[in-house]
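> Sharing a structure below in structure tokens format, with a few things to ask.
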Amino acid sequence: MHAYKKAEKIIEKDITTPHARVLSNLIISLESEVEFDIRSLYDLNHDEFELTIEILKEWRFSRHYMSKSKAFSSAYYAHGFLDESKKFLLKAETKA
């Protein structure tokens, strides 16, 4: 989250700068899935633009791992559920 930390410092320093407003809007958009005006990127210089690209990369990377952890959590829950179901079925079969 190196780029997010840089953005945080820029935003906290002076939210009235165009760069800070773009970063703020981008981060809010990524985290809450609201629209982002991509045309605002044209107002940034090269270094500022590169930071927004780094934020996008970090966001995508973290989303990938979040979805993997959600899948693992679901699989783990399902595995435990199946184990309990087997125990229940085995008990029912032994009684019959």
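The values are calculated or read from the model by the stated rules, or taken from the named source; none is laboratory data. These figures come from a predicted structure and were not determined experimentally. We place every Cβ from the backbone using ideal geometry, glycine too, and count neighbours over all the protein chains shown.
> Name the pairs: first residue in the stretch 32-50 and touching a residue at least 24 places away in the same chain (Cβ under 8 Å), second residue surrounded by 10 or more Cβ atoms within 10 Å (Cβ to Cβ), Cβ to Cβ under 6 Å, at least 6 apart or on different chains?
Asp43/Pro18; Glu48/His19
> Please enumerate the residues belonging to the stretch 1-23 that are within 21 Å of Phe61 (Cβ to Cβ) and either under 17 Å from the mean Cα position of the chain (by Cα) or polar (S, T, N, Q) (or both).
The answer is Met1, His2, Ala3, Tyr4, Lys5, Ala7, Glu8, Leu23.
> May I ask you to say which residue of Leu41, Leu89, Leu26, Leu51 is out of contact with any Cys (no Cβ under 9 Å at 6 or more places or on another chain) and modelled with pLDDT under 90?
Leu89
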